[in-house]
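**Q** My questions all concern the structure below.
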Amino acid sequence: MGFDIGAVLTNGHPGLLIPALAALGLTFSAIWLLQGRVWAMIYVMVIPFLNWSFGVIPEFQVLAPGQNSLFSQGVSLHPMTIVTGMVFVVRDFVQREMGHRVLILMAIAVSWSFFYAWPVIALASGIAFAISEGVDWLLFTFSKYRLSTRILLSSALAAPVDTTVFLYGADLAKQMQLGLEPGNSLHVWNWVVFVIGKMVGAVVVSAIIRRRENLGLTSPTDA
């Protein structure tokens, strides 16, 4: 089976290839004019991709429902959860690259999610990002902690908020799209596993930045 770039770019609607290419061109031009560069491009691409993946890539069942009385609803982990946690770290680097204009990029990325993902997933993601990224932005902007600490703390505050809202949307989307019962995604053990998964990337990046700060290769006071 061949790789169809047109189907990928149009989310399976090849008749929209020309409008999609035009919109992508405008998006990347806007990023460039807003003085965004590599991190900004990655940020705008990864959010729609992640939202798309949650509707297409199946979750991994850590424990099946009913297998254990303590975990009656089961425990699942989506393969992209750790990558999702990295979004907060990427956003922090985008803010260093282009300042508060990162908020414009957030809106652009969420808008693209409505084209590539289930509408309910995109809406949940948009609300989750608006809340959690706002928390992340406030801490990263106004706190006086060193850079490595800001990355870790902003992710620690944002990840639980994002997880709660997103899992609610995913739960609702699966009810509507797949006919699953309520509570299929949003329950306490899924929430714990998702938050831990999202924090893994932040912890690793924070440790790398802390080492560079200690070696004098990165300024702890960078914005």
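The values are calculated or read from the model by the stated rules, or taken from the named source; none is laboratory data. As the structure is a prediction and not an experimental result, all values here were calculated from the model. Here Cβ is always computed from backbone atoms with ideal geometry, including for glycine, and neighbour counts include all displayed protein chains.
**Q** Taking region 117-165, which residues are over 28 Å from Gly183 (Cα atoms) and not in a helix (DSSP H, G or I)?
**A** Answer for region 117-165, where residues must be over 28 Å from Gly183 (Cα atoms) and not in a helix (DSSP H, G or I): Ser143, Lys144, Tyr145, Arg146.
**Q** Considering only region 81-94, how many residues are at pLDDT 80 or above and out of contact with any Leu (no Cβ under 9 Å at 6 or more places or on another chain)?
**A** The total comes to 2.
**Q** Would you call Val94 farther than 21 Å from Phe60 by Cα and of a type in the set (Val, Ile, Thr)?
**A** So Val94 fits the description; yes.
**Q** Another one. Looking at (1) over 23 Å from Leu153 (Cα atoms); (2) assigned by TED's automatic domain parsing to the domain that holds Met199; (3) surrounded by fewer than 16 Cβ atoms within 10 Å (Cβ to Cβ), which is the only condition Ile131 fails?
**A** Only one criterion is unmet by Ile131, namely (1).
**Q** Answer yes or no as to whether Ala170 is under 19 Å from Leu50 (Cβ atoms) and touching a Lys or Arg at 6+ places or on another chain (Cβ under 9 Å).
**A** No: the conditions fail for Ala170.
**Q** Against the condition polar (S, T, N, Q) and either over 17 Å from Val87 (Cα atoms) or modelled with pLDDT under 75 (or both), how does Thr141 come out, does it pass?
**A** Here the answer is yes, as Thr141 does meet what is asked.
**Q** Leu186 versus (1) part of a helix (DSSP H, G or I); (2) in contact with a Phe, Trp or Tyr (Cβ under 7 Å, 6 or more places away or on another chain): which is the lone unmet condition?
**A** (1)
Condition check ((1) under 15 Å from the mean Cα position of the chain (by Cα); (2) of a type in the set (Gly, Ala, Ser)) across all residues:
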{"residue": "Trp137", "(1), (2)": "yes, no"}
{"residue": "Arg146", "(1), (2)": "no, no"}
{"residue": "Leu157", "(1), (2)": "yes, no"}
{"residue": "Pro160", "(1), (2)": "yes, no"}
{"residue": "Val165", "(1), (2)": "yes, no"}
{"residue": "Gln177", "(1), (2)": "no, no"}
{"residue": "Val200", "(1), (2)": "yes, no"}
{"residue": "Ser206", "(1), (2)": "no, yes"}
{"residue": "Leu217", "(1), (2)": "no, no"}
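**Q** Would it be correct to say that Leu180 is assigned by TED's automatic domain parsing to the domain that holds Ser113, within 18 Å of Leu77 (Cβ to Cβ) and not in a helix (DSSP H, G or I)? Outline the logic, then answer.
**A** Working: assigned by TED's automatic domain parsing to the domain that holds Ser113: yes; within 18 Å of Leu77 (Cβ to Cβ): yes; not in a helix (DSSP H, G or I): yes.
Yes.
**Q** I would also like to ask the following. Quick one: is Gly126 touching a residue at least 24 places away in the same chain (Cβ under 8 Å) and under 23 Å from Val56 (Cα atoms)?
**A** no
**Q** Which residue pairs have Cβ atoms under 8 Å apart, sit 6 or more places apart or on different chains, and have a first residue in region 172-183 that is on the phi > 0 side of the Ramachandran plot and a second that is part of a loop (DSSP other than H, G, I, E, B)?
**A** Gly183/Gln73
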